[in-house]
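Report on the following structure.
Computed from the coordinates by the stated procedures, all read-outs in this text should not be read as laboratory data. All of these numbers come straight from a predicted model, not from anything done at the bench. Because the Cβ atoms are built from the backbone with ideal geometry, glycine has one as well, and the counts that use them run over all protein chains shown.
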């Protein structure tokens, strides 16, 4: 007599790290990830800004600090940088590319390969596709320096050997798309343009 035993295995909840979790898009990502039952860690510089990020484990540190990143990445399945920087027409911007470079190094050191990055319409392959108002006015007057750094950020991502997805849309829709990528390989090595 042969007995067949069927076991139901529940997949373990994805373990993610979110950078920029106190920003508008980062908050949506954290909230939805927690609602999905994900194991969420956030790296923040100012813990007082993160008191409302319920359900997420808090690690205090700077996203440009490779040592802090390694501590936060350890044991994670995927990293979602949702970092932002204020628009400035006057000074150079380096936060995004510097943090992404440190992040790529930390991920490699901790053997975490899944990166789902948010850049923006007008960076990388989407340059020149923002429409007249964005391309000829907003971009030139306010965002040129920020997008120069977004382009450097995309270059770091493109040159990394990470399993990356980089991609623009409402913050809630971004959160949904980003979190769907944690468990999908449909966009590995791709730069989807997310629009509503």
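In a fully extended conformation the segment linking residue 159 and residue 87 would gain 23.3 nm over its present Cα-Cα distance, using 0.36 nm per residue.
On alpha carbon coordinates alone, what is the Rg over Rh value for region 18-65, Rh being the Kirkwood radius?
Values: Rg = 9.7 Å, Rh = 10.5 Å.
Here Rg/Rh amounts to 0.93.
Each peptide among 19-29, 105-115 gets the average number of other Cβ atoms lying within 10 Å of its residues, and from highest to lowest they stand as 19-29, 105-115. A straight line joining the Cα centroids of region 80-103 and region 8-59 runs 20 Å.
Calculate, for residue 180 and residue 49, the FRET efficiency according to 1/(1 + (r/R0)^6) with r their C-beta to C-beta distance and R0 30 Å; round to the nearest 0.05. Computed FRET efficiency for residue 180 and residue 49 comes out at 0.65.
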